[in-house]
Amino acid sequence: MGSARMVGPALNPIVVLGATGSIGHQTLDVAVRLDRKVVALASGSLSDEIVDLADRYPDASIAVAHTPEGPVDAAIERRIEFGSEAVTALARLPGTTVVNGIVGAAGLESSLAALESGNRLALANKESLLTGGSLVLSALESGSGELIPVDSEHSAISQCLEGESLEEIRRVILTASGGPFHSRPDVDLDEVSVADALAHPTWDMGKRISIDSATLMNKAFEVIEAHFLFSLDYDQIDVVIHPGSFVHSLVEFIDGVVKAELGPPDMRKPIQRALTWPGRMPAPAEPIDLMGTALTFSAPDRERFPALDLGYEAGRRGENGPAVLNAADEVAVAAFLDRRIRFTEIVEVVEDALNAVPSAPISTLADALAADAHGRAAAAEAIARRASR
Ligand code: MG
């Protein structure tokens, strides 16, 4: 039975960072189903939801990154630790599996803390690799921590690579749903509304990632993540449009064999994989019904969706390129959601920011955070220039 393998990190208590977000909700759902202990929860800001979670998990440590400005209820003050160091401290709790579902570059420090403490890092925070990929890799190499990707594409690739050797990979093929617009060439992208862009056809996700899926910027990020996670050259990473979202990615080997991981588009599956690896447990999601299912793949439209090539460019530039790409995109997406720029301007703003910020190496956490700040500032300037035109 597989249970013989269920030792060590596969049974570790769980720390959930970003507990009130989409990944956090689904992690808590999986943890309940697996009967796994949740020992700590963190969120970005104080909300009714994190207070409710504190009640629901009376033995768990609770941290909130942003200290509220006004007075805080005495009961909350006793129960919740405030400040980003309090969140990072949870990532250091020894012998835990840290699910990092933090949104934004704030997640990098917790990823490094988890790895430096020898914990298993179940990584859903893309910025850890985009903003500080080289730092995450060196923390991984120098310590006893483990990194298991939670992003569905990278979870798929890592499963296809089990028992394989990295030198025998010809290429990996990341699948993209294409978002709400790729399959609709009739849609004028200059005119799409926030509501249209948020309507993702297959995955139910947070707002930023839904917009990033609609521009294909999310896939650009995943190309860079794959580069860091699997030590691949950018030439070895391809993207195909697969509207069904049930082939989560593929790996092609030097002998022409292609392996893929298939399943319903449900994030609880890669989350569970990260919590139970190397074992498997009964899944919360129904398996896909293969009967009558067509495998449809097509090439991405790189002209209509320039984010993809911009991502490759930032990745190949290396150093602070991915950090600036990500930070500028976060600012641009926020501006689109506020209706300050058009959908097509998101990528234009990111490109302006990449051109404005000179290359600089990322050797320390401070370098990574500076690159993030430069990317944000450059995007804000690009947006302001557009507004004044
Ligand atoms: Mg993904």
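The values are calculated or read from the model by the stated rules, or taken from the named source; none is laboratory data. The structure displayed is predicted, hence computed values, not measured ones. Using ideal geometry, Cβ is built from the backbone for each residue, glycine included, and neighbour counts are taken over all protein chains shown. Remember, those area values only see protein heavy atoms, side chains included, never the ligands or the DNA or RNA. Shrake-Rupley method; radii C 1.70, N 1.55, O 1.52, S 1.80 Å.
Assorted remarks:
Conditions (1) under 18 Å from K219 (Cα atoms); (2) in the same structural domain as G95 (by TED's automatic domain parsing); (3) among the small types (G, A, S), marked per residue:
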| site | (1), (2), (3) |
| --- | --- |
| P287 | no, no, no |
| M291 | no, no, no |
| A294 | no, no, yes |
| S298 | yes, no, yes |
| G311 | yes, no, yes |
| G315 | yes, no, yes |
| L337 | no, no, no |
| R342 | no, no, no |
| L365 | no, no, no |
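- Selection from region 124-144 of residues that are open to solvent by 10 Å² or more (accessible area, probe 1.4 Å) and outside any helix (DSSP H, G or I): A124, K126, G143, S144
- Test: residue in region 156-164 that is within 18 Å of V99 (Cβ to Cβ), of a type in the set (S, T, Y), open to solvent by less than 10 Å² (accessible area, probe 1.4 Å) and within 16 Å of the ligand (Cβ to nearest atom): no
- Residues of region 74-104 that turn out to be open to solvent by 90 Å² or more (accessible area, probe 1.4 Å) and either in contact with a Gly (Cβ under 6 Å, 6 or more places away or on another chain) or part of a loop (DSSP other than H, G, I, E, B) (or both), as a count: 3
- Residue list for region 282-296, filter: open to solvent by 80 Å² or more (accessible area, probe 1.4 Å) and either among the aliphatic types (A, V, I, L, M) or more than 22 Å from M267 (Cβ to Cβ) (or both): L290, M291, G292, L295
- Among the conditions (1) within 16 Å of the ligand (Cβ to nearest atom); (2) touching a Leu at 6+ places or on another chain (Cβ under 8 Å); (3) among the β-branched types (V, I, T); (4) open to solvent by less than 10 Å² (accessible area, probe 1.4 Å), the only one that T276 does not satisfy is (1).
- The residue that is modelled with the lowest pLDDT, counting only those in region 186-205 that are surrounded by 15 or more Cβ atoms within 10 Å (Cβ to Cβ) and either among the basic types (K, R) or within 16 Å of the ligand (Cβ to nearest atom) (or both), is W203.
- Hits in region 145-155 - residues which are outside any helix (DSSP H, G or I) and open to solvent by less than 40 Å² (accessible area, probe 1.4 Å): G145, L147, I148, P149, V150, D151
- When residues in region 334-343 are screened for being open to solvent by less than 30 Å² (accessible area, probe 1.4 Å) and part of a helix (DSSP H, G or I), 3 of them pass.
- Identity of the residue in region 228-239, in a strand (DSSP E or B) and within 14 Å of the ligand (Cβ to nearest atom), that ends up nearest to A307 (Cα to Cα): V239
One line per residue, one yes/no per condition, for (1) open to solvent by 10 Å² or more (accessible area, probe 1.4 Å); (2) part of a helix (DSSP H, G or I); (3) closer than 15 Å to I211 by Cα:
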| position | (1), (2), (3) |
| --- | --- |
| G311 | no, yes, no |
| A323 | no, yes, no |
| D329 | no, yes, yes |
| A332 | no, yes, yes |
| E345 | yes, yes, yes |
| V349 | no, yes, yes |
| D352 | yes, yes, no |
| A360 | yes, no, no |
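- Test: residue in region 364-385 that is closer than 18 Å to P322 by Cβ, open to solvent by 10 Å² or more (accessible area, probe 1.4 Å) and part of a loop (DSSP other than H, G, I, E, B): yes
- Check on S111, away from the ligand (no atom under 16 Å from the Cβ) and in contact (Cβ under 8 Å) with a residue 24 or more places away in the chain: yes
- Enumeration of residues in region 1-27 that are surrounded by fewer than 21 Cβ atoms within 10 Å (Cβ to Cβ), assigned to a helix (DSSP H, G or I) and modelled with pLDDT of 95 or more: H25
- E225 passes every criterion in (1) modelled with pLDDT under 95; (2) within 14 Å of the ligand (Cβ to nearest atom); (3) under 22 Å from V98 (Cα atoms) apart from (1).
- Single unsatisfied condition, E319 versus (1) within 22 Å of the chain's Cα centre (by Cα); (2) not in a loop (DSSP other than H, G, I, E, B): (2)
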